Amino acid sequence: DSGVTQTPKHLITATGQRVTLRCSPRSGDLSVYWYQQSLDQGLQFLIQYYNGEERAKGNILERFSAQQFPDLHSELNLSSLELGDSALYFCASSVTRGGGDTQYFGPGTRLTVL
Amino acid sequence: AQSVTQLGSHVSVSEGALVLLRCNYSSSVPPYLFWYVQYPNQGLQLLLKYTTGATLVKGINGFEAEFKKSETSFHLTKPSAHMSDAAEYFCAVRRKTSYDKVIFGPGTSLSVIP
């Protein structure tokens, strides 16, 4: 158990819909990262927040957005969903802003878009 | 731009045999280097990382990796494979700037034959 929690574990929805994935980092960790894992794209970094502020951006679509709240939990919002958005979405957390920090991964949310 | 290659999307070894998983990176400046393991239906777990100092890094579960700057490599080894080592292994890099994204390799699936 990494100490990072993600809800829900599974999510099934239809194309065009909007969903919210939630992540609670390990106690004391200030950075939250979001990743997408799919068979065709592999593991892709989406976005990083540190203490409530966006710090790094990866291959995140405009239809996707995220935020980190004052209690440090984070939410990833996916809208206008397409079949290709079906994937495992991981959240990770680390103590500081980056560098050689160890990232601790949550168990993931499996999103299925029908 | 940084990239990570892992030679062999699938590697099979016999139980008790040497495990060697290859990772090469491309970067103008040596980055931080990581190896993660992913067991079925789970998130990623850090095996080991190289940030600075000694180039031979020891990790959990008997794994180690050696950073070779001249070869831009960070291969993962374990002297004797165990059945429980069967999993997906990811090499990852991160530039030595605070807010840069982590780039993961495509992964190598390790099978251990009894």
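The values are calculated or read from the model by the stated rules, or taken from the named source; none is laboratory data. Remember, it's a predicted structure, so these values are computed and weren't measured experimentally. For neighbour counting, all protein chains shown are included, and Cβ atoms are generated from backbone atoms with ideal geometry for every residue, glycine included.
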#### Entry: Output for segment A:76-100, where each listed residue is of a type in the set (D, E, K, R) and closer than 15 Å to A:Y35 by Cβ
A:D85
### Task
Any chance you could count how many residues in segment A:102-113 are more than 7 Å from chain B (Cβ to nearest Cβ), under 20 Å from B:L47 (Cα atoms) and surrounded by fewer than 20 Cβ atoms within 10 Å (Cβ to Cβ)?
0
### Message
Need a quick list: strands (runs of 3 or more DSSP E) entirely within segment A:17-114 having at least 3 residues that are among the small types (G, A, S).
### Response
A:87-94
### Query
Going through segment B:79-99 one residue at a time, which ones are in contact with a strand residue (DSSP E or B) (Cβ under 6 Å, 6 or more places away or on another chain), surrounded by 15 or more Cβ atoms within 10 Å (Cβ to Cβ) and over 18 Å from B:L44 (Cβ atoms)?
B:A81, B:Y99
### Query
Among the strands (runs of 3 or more DSSP E) contained in segment B:3-114, which hold 1 or more residues that are within 20 Å of A:G106 (Cα to Cα)?
B:32-38, B:44-50, B:87-94, B:102-104
### Summary
Contact list, first residue from segment A:56-75 and within 20 Å of B:I103 (Cα to Cα) and buried (at least 16 other Cβ atoms within 10 Å of the Cβ), second anywhere and at pLDDT below 95 and among the polar types (S, T, N, Q), beta-carbon distance below 9 Å, six or more apart or interchain, is A:A56/A:Q48; A:A56/B:S98; A:G58/A:Q44; A:G58/A:Q48; A:I60/A:Q44
### Task
Please work out which residue is farthest from B:V13 (Cα to Cα), limiting yourself to segment B:63-112 and to residues that are of a type outside the set (S, T, Y) and in contact with a helix residue (DSSP H, G or I) (Cβ under 9 Å, 6 or more places away or on another chain).
B:F63
### Query
Restricting attention to segment A:15-52, which residues are touching a residue at least 60 places away in the same chain (Cβ under 8 Å) and among the charged types (D, E, K, R)?
A:R18, A:R26, A:D29
